[in-house]
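The values are calculated or read from the model by the stated rules, or taken from the named source; none is laboratory data. Keep in mind it's a predicted model, so treat the numbers as computed, not measured. Reconstructed Cβ throughout: ideal geometry from the backbone, glycine too, with neighbour counts over all protein chains shown.
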Amino acid sequence: MTEKNEKFEIKGVNHLALTCKDMKKTVEFYSGVLGMPLIKTIDLPRGLGQHFFFDIGNGDSLAFFWFPDSPESEPGITHPENLVGQGSITTANASMNHIAFNIDADKIEDYRQRLVDAGIEVTPVVNHDDSPEGAHLDVTPSTFVRSIYFLDPDGIQLEFAGWTRALGAGDVSHEPATADDRARYLEIQEQARRAAE
């Protein structure tokens with residue numbers, strides 16, 4: 001089920017713009033390892049840096065800025081400290097947590113092996129489902145997306161994600177949290193941490 005946007009005729013993602021430390025390494029990874037064509041390069045005026053665009057399919061792009069004066073990244077603030085399943089993935093408000101590239105779910109094991117063969121550290125396949133745990137290593141009746149996670153040269157967490165079923169009205173069943181819910185959620189986290197000890 002696809003909901004129609006009644007306010008704006010948005011046609012998808014034109015591009016996401018991120019920042020990298022080394023544009024050459026970024027091009028080698030996204031074009032060389034992931035095979036994304038480099039489609040536009042810009043040298044910014046007055047020595048401000050560069051802005052490069054990669055084709056990620058369906059007319060969408062992923063763009064990177066390189067600024068010579070960018071501050072260093074800070075894991076746990078600018079991007080997750082860990083891959084999914086290996087520790088905390090919390091990031092700061094207004095940061096980007098990860099990018100998920102859409103793939104066919106039945107290709108996930110093959111794509112995982114291709115990344116491993118390219119020397120990329122990659123998680124096992126995560127089958128996200130509606131269980132209390134939220135995911136399993138095996139596909140369950142409520143699995144809705146299959147994912148693998150890995151990092152780019154700057155530590156940006158990337159995901160290959162393949163939907164396993166169409167989403168429907170029953171998939172929207174939670175009230176959005178507010179800033180006032182913070183203490184309650186942190187208490188749940190603390191209880192879970194103590195239970196795991």
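Listed values, structure above:
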item	result
Test result for G119, out of contact with any helix residue (DSSP H, G or I) (no Cβ under 8 Å at 6 or more places or on another chain), small (G, A, S), over 23 Å from F64 (Cβ atoms) and not assigned by TED's automatic domain parsing to the domain that holds I56	no
Residue count, the stretch 48-65 (criterion: of a type in the set (A, V, I, L, M) and outside any strand (DSSP E or B))	1
Residue in the stretch 66-81 that is under 28 Å from G12 (Cβ atoms) and in a strand (DSSP E or B) present	yes
Residues within the stretch 105-138 that are assigned to a loop (DSSP other than H, G, I, E, B) and either within 19 Å of D154 (Cα to Cα) or at pLDDT 95 or above (or both), tallied	7
The stretch 45-66 - residue that is surrounded by fewer than 13 Cβ atoms within 10 Å (Cβ to Cβ) and more than 24 Å from E159 (Cβ to Cβ) and, of those, farthest from the chain's Cα centre (by Cα)	R46
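So that you can scan it fast, the table gives a plain yes or no per residue for (1) aliphatic (A, V, I, L, M); (2) under 16 Å from D104 (Cβ atoms):
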residue: V125; (1), (2): yes, yes
residue: D129; (1), (2): no, no
residue: D152; (1), (2): no, no
residue: L158; (1), (2): yes, no
residue: A169; (1), (2): yes, no
